1. So A:Q160 ticks every box in (1) surrounded by 12 or more Cβ atoms within 10 Å (Cβ to Cβ); (2) within 11 Å of RNA strand B (Cβ to nearest atom); (3) in a loop (DSSP other than H, G, I, E, B) but one. Which box is left unticked?
2. Restricting attention to the range A:279-300, which residues are in a helix (DSSP H, G or I), within 24 Å of A:S182 (Cβ to Cβ) and open to solvent by less than 80 Å² (accessible area, probe 1.4 Å)?
3. Would you check if A:E340 is modelled with pLDDT under 95, open to solvent by 20 Å² or more (accessible area, probe 1.4 Å) and assigned to a helix (DSSP H, G or I)?
4. Out of (1) more than 9 Å from RNA strand B (Cβ to nearest atom); (2) of a type in the set (F, W, Y); (3) closer than 30 Å to A:Y334 by Cα, the odd one out for A:Y366 is which?
5. For the range A:451-466, how many residues are open to solvent by 30 Å² or more (accessible area, probe 1.4 Å) and within 8 Å of RNA strand B (Cβ to nearest atom)?
6. May I ask you to list the residues in the range A:365-388 that are part of a helix (DSSP H, G or I) and in contact (Cβ under 8 Å) with a residue 60 or more places away in the chain?
7. Sort out which residues of the range A:26-66 are at pLDDT below 85 and either under 16 Å from the mean Cα position of the chain (by Cα) or not in a loop (DSSP other than H, G, I, E, B) (or both), and write them in order of number.
8. Go over the candidates A:I410, A:I433, A:I385, A:I424 one by one and state the one that is among the β-branched types (V, I, T), open to solvent by less than 80 Å² (accessible area, probe 1.4 Å) and more than 16 Å from RNA strand B (Cβ to nearest atom).
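The values are calculated or read from the model by the stated rules, or taken from the named source; none is laboratory data. The model shown is predicted, which means the values in this text are computed figures rather than measured ones. Virtual Cβ from ideal backbone geometry, glycine too; neighbours counted across all protein chains shown. The accessibility values were calculated without ligands, DNA or RNA, using every heavy atom of the protein model including side chains. Shrake-Rupley method; radii C 1.70, N 1.55, O 1.52, S 1.80 Å.
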Amino acid sequence: MNGMIPKKIKGFRDIDPELNELRQQVVEKAGKVYELYGFRHWDTPVLEYAENLGKYLPDKETVAEGVYSFRNPETEPVYKNDGSELRDENDLVVMDNHHIAMRYDLTAPLARMYAEELFIQSLKGQLTTNNAPLFRRYQYGPVYRFEAKLDPGRFREFWQLDFDTVGTADVAADAEACMVLSDALEAIGLEKKSFVVRLNNRKILSGFLSGIGIAGEEDEASVLRVIDKIDKIGIDGITAELGKGRKDSSGAVIPGLGLENKTVNAIANYFERFVEDKSRESTIEALFSLNAKNEKFTEGMAELTRIDELLRASGYDEEKVLFSPSIVRGLGYYTGPVYEVESLLTFTDRKGNTRRVGSICGGGRYDGLVERLLGIKVPATGASIGVDRLCELLLLSGEATLQQKGTVLITVFDDELMGEYQKISAELRSAGIPAEIYYGAQRGLKKQIGYADKMNSPVCILLGSDEFEKGVVTVRNLALGKELSATIENKDEWKRKVQKEVSRNELVETIKEMLGRK
RNA sequence: GCCGUCGUAGCUCAGUUGGUUAGAGCGUCUGACUGUGGCUCAGAAGGCCAUAGGUUCGAAUCCUAUCGACGGUACCA
């Protein structure tokens, strides 16, 4: 045991019963909504071959690019692109300890699962974009990222709750994804007014940028990275960063991209129109008025217009889903519509500042992900709720309370009576009432009731040998007692009000009554 | 990762220009109340002042490094 003390890894957490309860509720309520739309519940392993996870290949044995990974302790064959085993000059199968990684999201494993199922078929040339099967699933569970910096609400192990549709290029699936997110968040208990779904299309961004001379993947990516910050640093901020660079409030120098003034102005002018939220209709109008003669832009606009129609047809008005032309999201990943949900709830931090948590869901269309694994383009789209961040938000904003209801606590006076205690608890449980016997070592009654109090027990039962012989049980209404304790003056009187002696065979009924379950 | 601020009891924090024995509130425990939650009262436990070096007659206080927390920035599948 040399070299370590008992503590958890940075960015990882122990989850207490209260938070577990909240998290489970989020997952259950949203999951139900997903099912209403036809998504089926799947799980995949936490570990995957690093190569299958996509673009982040680990650098030797080290954790690289934010992914936890290690070498598989057993050797396995190395494969060629056609699926056959790689052989050396002696015709022996080449073996290797493959890189294994912990999943960093649930989408990459989905792509692997889908591709694995269809791999043979694709080798035989029987799979095409047109006959790729439709697959809809939802999934939740922990994902792992080796984050360099841990902000509040940002962890290295956290839950996502995904739903995806694989096998359709129809942007109706994207429109639907926005509806699903909106429905799910409402089901979780967020008020309509407290969040907004924001939608954009990467084709529009990309088309606009290439129209003003920013083509090439790298140039586009670096510009998009700056645009992504617009809600944080504003038009002036991005103008500076696209050009000469700027100094931030802490005095740190942020180098600019050094674009020509003409280009910077074009970008600034474009986004200036969309600083304020507008209706979907007028956003579309404003985009059309740019008159960008670019194929990609036009394609993106057609998709956006269709999504607008579909949302309207389904009754999702402006207050629920907006178009925000500056939404960027993951680079080198999303290919068309992208969306995220911004929470408008606020909380007060320790310094008394009012703050927002911001984005709690994200998603979009990724038409290239399966292609990396199968060599055949299979369009897909989906989104994810950041479960832990959402829980954090619900707690911080006071939207959720964590107080859990306790059990009926059966206090212990006498080991001889343990059989009776067990019997009582069994009776309560079969009546559907959570019950628990006090097993602590310190048996002072004060201690026992103190425990019940701390566990938020509504009722406790007191049964000693004298009562047992008389065939009675003392029942104390702790919940009522707590209420009355504010005004308590005479302790004996208080005791009389909250506690009563009942006949043993009326016990369960009495407790039901106290719990208001009758 | 880079820049900045901060690390004192389980928690929230005092702690004088470097000076003897480091404090408070809350919480915990004990008792008044030996079989009863709250309030009140009396008492107790609890600190290598983050860690390791250095400066000094003397360090919680000054310097350096490391670790950790927070804020900004970068990144974000």
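1. Of the numbered conditions (1) surrounded by 12 or more Cβ atoms within 10 Å (Cβ to Cβ); (2) within 11 Å of RNA strand B (Cβ to nearest atom); (3) in a loop (DSSP other than H, G, I, E, B), the odd one out for A:Q160 is (3).
2. The answer is A:R280, A:S282, A:T283, A:I284, A:A286, A:L287, A:G300.
3. no
4. Exception for A:Y366: condition (1).
5. Counting residues in the range A:451-466 that are open to solvent by 30 Å² or more (accessible area, probe 1.4 Å) and within 8 Å of RNA strand B (Cβ to nearest atom) gives 4.
6. Listed by number, the residues that qualify are A:L369, A:V370, A:R372, A:L373, A:L374, A:V387, A:D388.
7. A:A64 - this is the single residue of the range A:26-66 that is at pLDDT below 85 and either under 16 Å from the mean Cα position of the chain (by Cα) or not in a loop (DSSP other than H, G, I, E, B) (or both).
8. After ruling out the rest, the residue left standing is A:I433.
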